[in-house]
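Read-outs throughout are calculated quantities, based only on the coordinates presented, and are distinct from any laboratory measurement. Since this is a predicted model, take the numbers as computed values, not measurements. Glycine also receives a Cβ, built like all others from the backbone with ideal geometry; neighbour counts cover every protein chain displayed.
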Amino acid sequence: MADALLTISGVLIFLGIALSMARLVIGRTIVDRIVAIDMLTVITISLIALYAHLSGRFAYIDVALVYGLLSFLAVLAIARYLERGL
């Protein structure tokens, strides 16, 4: 049962990656593309967490947390730049 759930979650993660990449390519405005990149970082964090669970090395959770923090700060910086410049 647990193996099936892990397989389903992996498939859904890769489906999310495919849809995010499509939004990144098709996005009409820069905001659409930034949101797609942010969504890719969130999906990557979930992929890191899934890998940490599968490998049994929970030090990767710390990597995912730092990556999430850096991603949040990057999106804030980009939003500030787009609104009024740095």
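Scalar couplings 3J(HN,Hα) for the stretch 42-50, obtained by applying the Karplus form with A = 6.51, B = -1.76, C = 1.60 to θ = phi - 60°, are 5, 5, 5, 4, 5, 5, 5, 5, 5 Hz; x denotes Gly and Pro. Per q in 0.14, 0.16, 0.22 Å⁻¹, report the Debye log10 I(q)/I(0) for the chain, using one uniform scatterer on each alpha carbon and no solvent. The computed values of log10 I(q)/I(0) come out as -0.58, -0.72, -1.06. The dipole here belongs to the chain: it is taken about the Cα centre, uses +1 on the Cβ of Lys and Arg and -1 on the Cβ of Asp and Glu, and is about 260 debye. Between M1 and V75, the modelled labels are 3.4 nm apart [label points 7 Å from Cα along Cα→Cβ].
Across the chain, the longest run free of exposed loop sites, meaning trypsin sites (Lys or Arg not before Pro) lying outside DSSP classes H, G, I, E and B with no more than 11 other Cβ atoms within 10 Å, spans 58-86.
In order along the stretch 71-83, the Karplus-derived 3J(HN,Hα) couplings, from 6.51 cos²θ - 1.76 cosθ + 1.60 at θ = phi - 60°, round to 5, 4, 5, 5, 5, 5, 5, 5, 5, 5, 5, 5, 6 Hz, and Gly and Pro are given as x.
With the cut-off at under 12 Å, measuring from each backbone N in the stretch 3-18 to a point 7 Å along the Cα-to-Cβ line of R57 picks out no residue.
Going by the alpha-carbon gyration tensor, a ≥ b ≥ c the square roots of its eigenvalues, is the stretch 21-64 rounded (a/c under 1.5) or, if a/c is not under 1.5, prolate (a/b greater than b/c) versus oblate?
On the way: a/c = 7.04, a/b = 3.23, b/c = 2.18.
It comes out prolate by the Cα gyration axes.
In sequence order, the stretch 16-33 has phi-based couplings of x, 5, 5, 5, 5, 5, 5, 5, 5, 6, 7, x, 7, 10, 5, 5, 4, 6 Hz under the Karplus curve 6.51 cos²θ - 1.76 cosθ + 1.60, θ = phi - 60°, and Gly or Pro positions carry x.
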